[in-house]
Each structure stands twice: as structure tokens, then as C-alpha cells.
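The values are calculated or read from the model by the stated rules, or taken from the named source; none is laboratory data. A quick note: this is a predicted structure, and the numbers were derived from the prediction, not measured. Note: ideal-geometry Cβ built from the backbone for every residue, glycine included; neighbour counts use all protein chains shown. The protein model used for the area step is the full one, side chains on, heavy atoms only, and it has no ligands, DNA or RNA in it. Shrake-Rupley method; radii C 1.70, N 1.55, O 1.52, S 1.80 Å.
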Amino acid sequence: MRRNKGNALIAAGLAALVLFTGCSSGGSDPGEGGEFITGLYLEPRGLDPHRQTYWETYRISRHIFEPLIGEDLTATSGTPGLVPVLATDWDHSPDGRVWNFRLREGVTFHDGTPFDAAALDKNVRRVWDRNYEFFDEESAGRVKVWFGNLRAAHPTGDHSYAFEFAEPFLGFPRILAQSMYTLAIGNPAVWEKYGNNGFADHPEGTGPYRFVSRAIGDRIVLQRNEKYWGRRPNSDTLTFRIIPNNQTRVASLRNGEVDLISYVPPDDVQPLEGAGFQVPRGTGAEVMFFTFNLRNPVFGDDRVRRALTHGIDREALAREVYNGYATAQYSILPPGNEAYDPAVRDFPYDPELARKLLAEAGFGPGQLRFNLVVDVANDNLAQWLQASLKKIGVELDIVSLDRVNYSARIYNPQPGDGLSIDEFGETDAEWLYNAYNGLKNRGLDPARYPEVTSAIGTALHTSDANARIGLWRKAEQQFRDNALAIPVVNQNRFYAAGPNVEGFVFPTTNWYDLSPVRLTGSR
């Protein structure tokens, strides 16, 4: 086995930081306590760490559940560093197939049950081992993208654990730090009591906050974990209110009903700043992208996909839809991703070439028509795209749905559906594989794109750490050259907070940490 000295140093440094900050908070901070209220724009899915979807879900659940490895959520540029959480140290075998973790001692779940290798093992078995009594098919399906290659997993001591993969997997540590499709740690005692389907109603982990209540469509309330092993969180409670309407969410911030909101409408950035509210700049690891319904035979023609990409002026989109509070994207790898290269470009805006490609594919002006399926939060983006593609002779019919029905529709498209609007991203280079794999749900047949499949497989299973990022960039070029999706923008003014909020950081991830945030005055 080869010791990962870099991780060991990080672990030691963070452990020291935890001790320092833990001692310095002491409960005497004048900003400590109270209720911190956040306005979300999406209804979170179930608070089960192995089943969760939607980025707004993880913005809540990460305060309940913790991973083995996290990311530095104080980083506001570049790729955040990895930090130890429930694992204090880790290393891998020379071939990159076996990963060993030393687990943090003295940690308990919210009910007082110890976190140890046995508890971790039950988490792994729940998502991977069909012989486990509480193996959960739905959870296994969510994490299969990363754990499908797992060959063995077992405790190597009371506080140590080993994963063995069939092939090298150097991206594993950062994947453990991601939000969805990974292994945040839940309390096995809960699913053993309530069953797998009952876990989301009784979510329990080791995190700085514990679950109190949930009212669907209204709010989720968390309470400070007074026995938390790490730095003491500032607020007594975190309340997450569900406010899908953009203007209602902004109004709630303005009138002091909430302290923080996500997905700030571009037209409200300047007025909020003018009124003294905070709208921090940032580049989270998020990318808005248009996805083709590849079950629709029209999009099996490469010329059509390239034409649509040439027909979208992403710089104009960033200006006109987002008032400049977004950055045009030409890669499916978002800022914050460890393989992100801001210099790459896919297909430049060229409406003449777009019309030519469509003509070569057999579509004259007005002859190509399909549905653009969006969730209601993106109606303005849909209208802009409709007008933009009309300039190259393509007609779009907008189908606007609430988030739940939108998700159901894109996985079960109607015959006339063509494009949908997606939003996500991760900091790991392996995100490209996740995105490519996700296109199978939109009708992608990997066998049709052997060069993409091969390049991704080579990068995913390399044992050469020095070559890894370069291999992912080559794979991204193959993905880009085949126009398999259309990346459009990264939003750089995504959150807004009250003037009395201190300590909020817009990190280069797709989520945030509210533990250090405090209110410095009345709301």
C-alpha cells in the first residue's frame, strides 16, 4: 500500500483547525443562537442520504449527514481542497484499486449510537450488498454510477475500513465529497427500526444539525446538535422554507421573513444590492445545459445537434437572460471542477452555418419543430431560446411544468419532445462520466459514440495520477466534439442574504455550509 502523505497532512491540519475553532467558539459569541431561515426555490426530495436528488435537497441534508471526506467550503475560487470529515486519513494501493480509510473516533449519531466501521459497513451494504437485510434497491440505483465497480468492502478494524474496486479509481475521494449519487453516512439503527422507506421521514446522521420536522411544500426545521464532534454551529435552528415563486422568494427576503435565498432572479440583483442586501459573486460548480431527447430520431443526426449549438449565442444569453450575472459556458465541466479549462470552446455562434447544417440534414426554414420542456423556474430562459432558434428556422413549443412533473417528463418523453433544460455539476473530473451516463436516460446509446465511451473509460480507470486530469480533458473534448449536450451558462449571482447576515460563503461547489453563519442584528 502507498501512503497518501498529502491527505495525511491535510487531515492533521484540519484536525488542528477543528480543535482551535471548537475551543474559540465557546458559546459566548454575540452572534450565536437564534433561528436562521433560508428560502429554497425547489421542494427537496426525500431526506435520505442514499436516495437524494436535486441540489436544493443537499443544501439541507448536508447539515444532517456527513461524508467520509468533504471539501473546503470556505474556498471561493478554483477547486476546493479535500478535508477529512468522518475519515481522518486515507490512502490507496499502488494500482489505485484499494482504498483504506481511518475513521474518526468519538463520533456519535444524533441518537447517541456510535459511528464506527460497523456502522459504515451497514451504509455500504445498504447500497451495494444484496445479501444485506436492508439492501435498498432505490439507493443502489442512485449510487451505482460510482459503486457499480466495487468488488469488496469491509471493516479492517473498529475504526478503519477498506474498499476494493475491480479497476483503478483515483477519483474516489473527491466523489465521496459530492452531494448526490454518493455515500453520505446515515444511522443504520434508524432504517433497521423504520425500514428503508421510513428513513427519509426520520433522517439521522452525525452532522451539526438534527432533523426536527418537515411540512411538505412549506418548511423543514433542523436543530443544533449540541454533541457535535466538530465546530459548534452558530444558529440554534435552521429553517428551510419552500418558496418556488421567484418574486415571492425575493419579497420574503426583503421583508425579513427569510435570511438567505437561492436562485436570485437577475432583475433583482441590483435592486437588492441597492437596498443593502448581499448578493455575493461566485462561480459554483454548476452549469446550465440543454439536453437532447435522443429517443427522438431527429437528434440522431449529428448535423442537427451541431446546428442547434451553432445557433445559440451564449454570450448574448448571459447578457440578456441573466443581465450579465452569468458566464457563458462552452464545456460540460463547470468552474470549480478539477478538470475545468476556461479556454475550451465547442461550437461558436454561427447562425449561417447552423442553417446550412440544417439544410444538409433535410430541414428548411420552419420544418424542424419540437417541444422544449422546462421547469417553471426557467420560463424566461425557454422564451429566449425559442426566439433565438427561430432565427435559424427552428420552431419550439414550450412545455413548462412544475419540478416534479418536469423530472417525470424528461425521463419519459413524449414523441415530440426535443430539448430540456438541466442544471447541475460536480467538482470531480469524473462528473463527465456521470453526465454522459445520465444521457442514457435521454436515449443515449454509448455504442454509437465509441470514441467518447473509450476516452471516458480510460480516464475513469487510469492508475496514473499525473495523467488523470489530462485524460479527462481529452474525454471532454470527445464529448464536446460530438455535441452530446449544449452547455450554456454558469450563474455567478446565485444567492442573496440579508444585510445582517455574517459569515455566508458562496463556495465553488453546488452547496454551502450554514454552520458558521450568524445574524448580527434583528431581521
inquiry  = Tell me the mean residue ellipticity at 222 nm calculated for the chain from its helices only (DSSP H runs of n ≥ 4, each -39500 (n - 2.57), averaged over every residue, nearest 500).
reply    = -9000 deg cm²/dmol
remark   = Residues whose built amide H sits under 5 Å from the amide H of Val287, excluding neighbours closer than 5 in sequence, are Phe424, Gly425
task = Just grab the label-to-label distance for Glu105 and Lys227, each label 7 Å out from Cα along the Cβ direction, in nm (one decimal).
result = 1.8 nm
key: C-alpha long axis of helix 468-481 to longest principal axis of the chain, angle in °   = 30 degrees
query = Going by alpha carbons, how many degrees (0 to 90, nearest 10) lie between the helix axis of 5-25 and the longest principal axis of the chain?
reply = 70 degrees
Net charge over other residues, Cβ less than 12 angstrom from the Cβ of Gly81 (K, R count +1; D, E count -1) = -2
ask   = How high is the relative contact order of the stretch 50-139, given as a whole-number percent (alpha carbon pairs under 8 Å, six or more residues apart)?
value = 17 percent
note = Karplus ³J(HN,Hα) for the stretch 203-218 (6.51 cos²θ - 1.76 cosθ + 1.60, θ = phi - 60°; Hz, whole; x = Gly/Pro) runs x, 8, x, 10, x, x, 10, 10, 5, 10, 7, 9, 10, 3, x, 10
task = Give, in nm to one decimal, the length gained when the segment between Asp236 and His202 is fully stretched (0.36 nm per residue of separation minus the Cα-Cα distance).
result = 10.3 nm
task = Provide the solvent-accessible area of Arg97, counting protein heavy atoms only and rolling a 1.4 Å probe, rounded to the nearest 10 Å².
result = 50 Å²
inquiry  = I want to check the label-to-label distance for Asp350 and Arg151. Put each point 7 Å from Cα in the C-beta direction and report it in nm to one decimal.
reply    = 4.7 nm
note = Nearest-0.05 FRET efficiency for Lys144 and Glu395 at R0 = 35 Å, using Cβ-Cβ distance, is 0.35
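Give me the number: length gained by fully extending Ala343 to Asp302, i.e. 0.36 nm times residue separation minus the C-alpha to C-alpha distance, one decimal in nm.
Using 0.36 nm per residue and subtracting the Cα-Cα distance, I get 12.4 nm.
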remark   = Quick shape summary for the chain, equivalent ellipsoid via Cα gyration tensor, semi-axes whole Å in descending order, reads 37, 29, 21
query = In whole Hz, what ³J(HN,Hα) sequence does the stretch 62-77 give by Karplus (6.51, -1.76, 1.60; θ = phi - 60°), x for Gly and Pro?
reply = 5, 7, 9, 10, 10, x, 5, 10, x, 10, 6, 7, 9, 6, 10, 8
inquiry  = For a 31 Å ceiling on Cα separation, which of these pairs sit above it: Lys144/Lys390; Lys390/Lys440; Lys193/Lys440; Lys144/Lys474; Lys356/Lys474?
reply    = Lys144/Lys390; Lys193/Lys440
